Amino acid sequence: MTMPRRRPGRPRREETRPTREVVLTAATALFARSGFDAVGLREVAAAAGVDVATVSHHTGTKAQLYDACFARVFAAEREVLQEAAGRARTALDSGPAEIRRALHELVDVFVDFLEDRPETTALWLRRWLEPQRHAELDERYAAPLYRLVADLLTAAAATGALVEPAPHVTVRSLVWAVHGHVVALAAAGGSQARERREFRAFVHRFLDGLYGPVTP
């Protein structure tokens, strides 16, 4: 028996991207824009171009979908930060200049990541508007990355390459500064290029002020 062939035309959404990824992309954008309470599964389904049953099948309840959105952005961020932190770890035996150079690179990687994915900042800022709700998300999807970099700073300080008495404060301050920068970019409109350039210069001056400039 010969199966009928589909007529040529636009491929189904599921044929171009995995359905779960389509749902999570749509849900992330909606939660980032409106927050948890204002988004329903029907809105997510409509934005993803699927039915509600498909959303539930791939992601479960709304709370599970919300968690999955954070897990998704966390996985992407962890991948790039672990790679950069790994290079910085390798530099620990190469002297202060190489360690500081690797820290500058790590900050560039983090800024690049959030500039390219502003929905990550928006999603977290919506979560933090109600700090007592969904607080477990911070421990699962923010704290591991904070610890990753704080531990790196502690290790660098142990080599004598820099002085860092409060790595957790430094990491938190930089994270909030970069999130604020991403918000400013959204408001900058036509002057985004200038905003990006000036902020990049600022974070490198910040590191130089904390740990000293990179020297040959």
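Here is how the numbers come out for the structure above:
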quantity: Hits in the stretch 35-81 - residues which are touching a Leu at 6+ places or on another chain (Cβ under 7 Å) and polar (S, T, N, Q); calculated: Ser56, Thr59
quantity: Close pairs (7 angstrom Cβ cut-off, 6 or more residues apart or separate chains): touching a residue at least 24 places away in the same chain (Cβ under 8 Å) in the stretch 165-181, of a type outside the set (A, V, I, L, M, F, W, C) and open to solvent by less than 30 Å² (accessible area, probe 1.4 Å) anywhere; calculated: Thr170/Glu164; His179/Thr121
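The values are calculated or read from the model by the stated rules, or taken from the named source; none is laboratory data. Owing to the predicted nature of the structure, the values given are computational and were not obtained by experimental measurement. In this analysis, Cβ positions are derived from the backbone assuming ideal geometry, glycine residues included, and neighbour counts consider all displayed protein chains. Ligands, DNA and RNA are excluded from the accessible area calculation, which covers all protein heavy atoms including side chains. Shrake-Rupley method; radii C 1.70, N 1.55, O 1.52, S 1.80 Å.
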